[in-house]
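Report on the following structure.
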Amino acid sequence: MLRPLAIRSIDEVYEWGQTRSQGLVVEVDHPALGRIELPGPPLRFDGAPPREHSPPPLPGEHNDTVPAWLDERDA
């Protein structure tokens, strides 16, 4: 007889050994918060080097660069 699958909370998923062993949680240094954990990439390609992960931007951090990039795209 089949057992029902466990439904894990987000906290349980982050602490689950399987999640950690597969690199689905990454740690980054955030300039305001210190060391934080983020969801890791769900896809990886065999032979591809690991990617460098960055923290989410601070509010307003890209106020100049995003509009400039959009203007370039429209040109």
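The values are calculated or read from the model by the stated rules, or taken from the named source; none is laboratory data. Worth saying up front: this structure is predicted, and the values here are computed from it rather than measured. No Cβ is skipped: glycine too gets one built from the backbone with ideal geometry, and neighbour counts run over all protein chains shown. Remember, those area values only see protein heavy atoms, side chains included, never the ligands or the DNA or RNA. Shrake-Rupley method; radii C 1.70, N 1.55, O 1.52, S 1.80 Å.
Summary of computed values
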{"quantity": "Mean accessible surface per residue for the chain, computed with a 1.4 Å probe while every protein chain stays in place, in Å²", "calculated": "93"}
{"quantity": "Net dipole in debye of the chain [+1 Lys, Arg Cβ; -1 Asp, Glu Cβ; about Cα centre; nearest 20]", "calculated": "540"}
{"quantity": "Mean ellipticity per residue at 222 nm, deg cm²/dmol - from DSSP H runs of n ≥ 4 across the chain, formula -39500 (n - 2.57)", "calculated": "-7000 deg cm²/dmol"}
{"quantity": "Between 0 and 90°, nearest 10: helix 65-74 axis offset from the chain longest Cα axis", "calculated": "80"}
{"quantity": "Computed over the chain: relative contact order in percent, which uses C-alpha pairs under 8 Å that are six or more apart", "calculated": "19"}
{"quantity": "Coil-residue chymotrypsin sites (Phe, Trp or Tyr not before Pro) of region 1-59, DSSP, other Cβ within 10 Å capped at 16", "calculated": "Trp16, Phe45"}
{"quantity": "For region 44-55, Karplus couplings with θ = phi - 60° (6.51, -1.76, 1.60), whole Hz, Gly/Pro x", "calculated": "9, 10, 4, x, 6, x, x, 7, 7, 9, 10, x"}
{"quantity": "Filtered trypsin sites (Lys or Arg not before Pro), region 1-74: DSSP coil and at most 10 other beta carbons within 10 Å", "calculated": "Arg51"}
{"quantity": "Sites Leu38 and His62 - FRET efficiency at Förster radius 22 Å, r taken between beta-carbons, to 0.05", "calculated": "0.80"}
{"quantity": "Percent accessible area from carbon and sulfur atoms, the chain, protein chains only, probe 1.4 Å", "calculated": "58"}
{"quantity": "In Hz, Karplus ³J(HN,Hα) per residue of region 19-33 (6.51, -1.76, 1.60; θ = phi - 60°; x = Gly, Pro)", "calculated": "4, 5, 5, 8, x, 8, 10, 10, 10, 9, 8, 9, x, 9, 9"}
